2 protein chains.
Amino acid sequence: MKKLVNDPRRFVAESLAGFGAAHGDIVRVNETPAYVVRRALVAGKVGILSGGGSGHEPLHAGFVGLGMLDAAVPGEIFTSPTPDPVLEATRVVDQGTGVLYLVKNYTGDILNFETAAEFAQAEGILVRTVVVDDDVAVQNSEFTAGRRGVAGTVLIEKIVGAAAERGDDLEELAGLAARLVASVRSMGVAIAPPTVPHSGMRSFELNDDEVEFGIGIHGERGRARTAMAPADELADAVLDAVLDDLPRPAGARVIALVNGMGATPVAELYVIYRRVAERLGEIGVEIARSLVGSYVTSLDMAGFSVTLLTVDDELLRLWDAPVRTAMLRWGG
Amino acid sequence: MKKLVNDPRRFVAESLAGFGAAHGDIVRVNETPAYVVRRALVAGKVGILSGGGSGHEPLHAGFVGLGMLDAAVPGEIFTSPTPDPVLEATRVVDQGTGVLYLVKNYTGDILNFETAAEFAQAEGILVRTVVVDDDVAVQNSEFTAGRRGVAGTVLIEKIVGAAAERGDDLEELAGLAARLVASVRSMGVAIAPPTVPHSGMRSFELNDDEVEFGIGIHGERGRARTAMAPADELADAVLDAVLDDLPRPAGARVIALVNGMGATPVAELYVIYRRVAERLGEIGVEIARSLVGSYVTSLDMAGFSVTLLTVDDELLRLWDAPVRTAMLRWGG
């Protein structure tokens, strides 16, 4: 598998440079240390900051902008950013009202964001951290104590970002984020492995007749290798696993995200979405809003994930609030 | 290569059904015959209609909505729609002020849209057709007399759609579209072939050390098989071919589109965009606006294309005008 790459060691830096050149009206890209910050910071607003290893684009830089993140801190491919860039981005976005870190649950990310938070707090910057662990596939994994954080992160970044924009304070935002984490579940399946730019090698092998059910976004093993199956069967298996674990009060509505893993054409994602919508309709779960596309990827892995977030009217108002980032845009 | 597919013969229909379920606020999907129509048609507005073989999603259905297309008519995979669905969609969108067809230059599309136009005109509906042929790679090809129509189509649909929304009449819109066709050039390169759902087979073979330079969006042969190269060299070769052919008045500004072919991660597209921006800066061509993403694809082909459209202030105003479709959204 070939890649559009120059020097693999410069891949993340060059991609960020291109991102900055394309979206200079929305973001500013700092080269060293590497972080992406919203062009127009808002005086007095709590800063919303996320980050993690690269290779999951458009997560997180694609979600920096009005109504979502104030900064994204990318590490190298599948590698947590060190505390330094997190700390520097924290200083840049802090408006005296504190900064909320939204961190996907991987051991490296937890450690590095925690260290950055300690340094920032020593400088008098208020920091709160909420860890996202929406992946129901496995309880622990190669890089994780507890569940992994995956595509649900996008929904949380959108809703928490909207609440920050309307003026919620740091404690309120941390509380909202924790409530969202408790209400969101995801699972994914890989039908073809990604190729890592540094090695040019596939990160795992998968036979033509099998899929990795419960795949992680770094190619980590999931629940099982299972037989390749028609799209609807794969969708059903993933959706059942998500529904089994999702807290659903009677009459609950959801935001449904069908997410591509990087190399999956959007036409195939809509085949999956069709089945998800049909199944949810059958069991009386209303899809209040939906999102279909490649939002949290694993380089050029082929496959998809399904995320459901249980919502109420207030969360839907925050979802519908204006957003203006490179990747998500609506509402003026 | 595996696909997220049930019955391959139902792939396009199921994908459209999912698209309609996800975007019911913007479009209505008609099943038989298959077409996608804007939910809120505007009384008295000229209808803008496009279409062609499926497998290029989000083109064209992803661009139906306010400020862009009124209808999209998809055929089966890489197969032109027959005149029937084109005619029916024409009847649905016509507001008595006529319908403009934007057709990519493939022999099947030309014939079928022409037939539909004749039937529509026999019913008293005014129809004008503008053919897009932006691909500089080859003069004629397997499915084409003359140049092929590729990713430049998106830019034309956006700008013509905005002009229709402001109230331009059919003749003005046809003139604008023709002017845009004269001002836009594209070329693409494939680094991995697509897999066709019906056969489960790759549509061509490419060795690990080669690329198809000047690839068509159905996997048609381009200018040459050349050696796989670093991203910047591929970007340079494609950009040079586009610039060689692009009419550029002194001081010309451009809209630059770096388009993914379906399986290319967005992080790689930004590496390409970075180089395109750098090179254009060096020769004094200002990128007034840009677009980076997978907009005109070839199933799960890996690779990219570069499109440049020469623009003036009026075209930029039309580009910036509000658009609200499944795939492009900005400006309220």
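Below is a table of values for the structure above.
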item	result
Qualifying residue in the stretch A:82-102 (condition: assigned to a loop (DSSP other than H, G, I, E, B), out of contact with any helix residue (DSSP H, G or I) (no Cβ under 8 Å at 6 or more places or on another chain), open to solvent by less than 10 Å² (accessible area, probe 1.4 Å) and not assigned by TED's automatic domain parsing to the domain that holds A:LEU246)	no
First in the stretch A:172-191 and without any contact (Cβ under 8 Å) to a residue 24 or more places away in the chain, second anywhere and open to solvent by less than 10 Å² (accessible area, probe 1.4 Å), Cβ under 6 Å, 6 or more apart	A:LEU176/A:VAL160; A:LEU176/A:ALA163
Subset of the stretch B:1-26 that is more than 7 Å from chain A (Cβ to nearest Cβ) and small (Gly, Ala, Ser) - its residue that is nearest to A:LEU234 (Cα to Cα)	B:ALA13
Selection within the stretch A:1-28 - aliphatic (A, V, I, L, M) and free of Cβ contacts under 8 Å to residues at least 24 places away in the same chain	A:LEU4, A:ALA13, A:ALA17, A:ALA21
Single match in B:VAL196, B:VAL211 (criterion: within 13 Å of another protein chain (Cβ to nearest Cβ), within 20 Å of the chain's Cα centre (by Cα) and touching a residue at least 60 places away in the same chain (Cβ under 8 Å))	B:VAL196
Those residues of the stretch B:103-123 which are buried (at least 19 other Cβ atoms within 10 Å of the Cβ), aromatic (Phe, Trp, Tyr) and assigned to a helix (DSSP H, G or I), in sequence order	B:PHE113
Checklist (1) in contact with a strand residue (DSSP E or B) (Cβ under 6 Å, 6 or more places away or on another chain); (2) modelled with pLDDT of 95 or more applied to A:ASP168, failing item	(1)
Search result, residues across the stretch B:240-262 that are touching a Leu at 6+ places or on another chain (Cβ under 8 Å) and part of a helix (DSSP H, G or I)	B:VAL242, B:LEU243
Matching strands (runs of 3 or more DSSP E) fully within the stretch B:124-235 where at least 2 residues are assigned by TED's automatic domain parsing to the domain that holds B:ARG248 and buried (at least 19 other Cβ atoms within 10 Å of the Cβ)	B:184-192, B:210-213
The stretch A:263-315 - residue that is open to solvent by 10 Å² or more (accessible area, probe 1.4 Å), part of a helix (DSSP H, G or I) and in contact with an Asp or Glu (Cβ under 6 Å, 6 or more places away or on another chain) and, of those, farthest from the other protein chains (Cβ to nearest Cβ)	A:ARG275
B:ARG324 vs. criteria open to solvent by 10 Å² or more (accessible area, probe 1.4 Å), of a type outside the set (Asp, Glu), in contact (Cβ under 8 Å) with a residue 24 or more places away in the chain and touching a Ser or Thr at 6+ places or on another chain (Cβ under 7 Å)	no
Subset of the stretch A:22-44 [surrounded by 20 or more Cβ atoms within 10 Å (Cβ to Cβ), out of contact with any Gly (no Cβ under 7 Å at 6 or more places or on another chain) and more than 30 Å from A:PHE204 (Cα to Cα)]	A:ALA22, A:HIS23, A:VAL36, A:VAL37
Subset tally (residues that are of a type in the set (Val, Ile, Thr) and either outside the structural domain of A:VAL64 (by TED's automatic domain parsing) or assigned to a loop (DSSP other than H, G, I, E, B) (or both)) for the stretch A:13-28	1
Subset tally (residues that are over 24 Å from the mean Cα position of the chain (by Cα) and within 12 Å of B:LEU299 (Cβ to Cβ)) for the stretch B:1-21	1
Count of residues meeting criterion [over 21 Å from B:LEU155 (Cα atoms), within 14 Å of chain A (Cβ to nearest Cβ) and in a loop (DSSP other than H, G, I, E, B)] in the stretch B:32-77	1
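The values are calculated or read from the model by the stated rules, or taken from the named source; none is laboratory data. Just so it is clear, the model here is predicted, and its values are computed rather than measured. Cβ: placed from backbone, ideal geometry, glycine included. Neighbour counts: every protein chain shown. Only protein heavy atoms, including side chains, enter the accessible area calculation; ligands, DNA and RNA are left aside. Shrake-Rupley method; radii C 1.70, N 1.55, O 1.52, S 1.80 Å.
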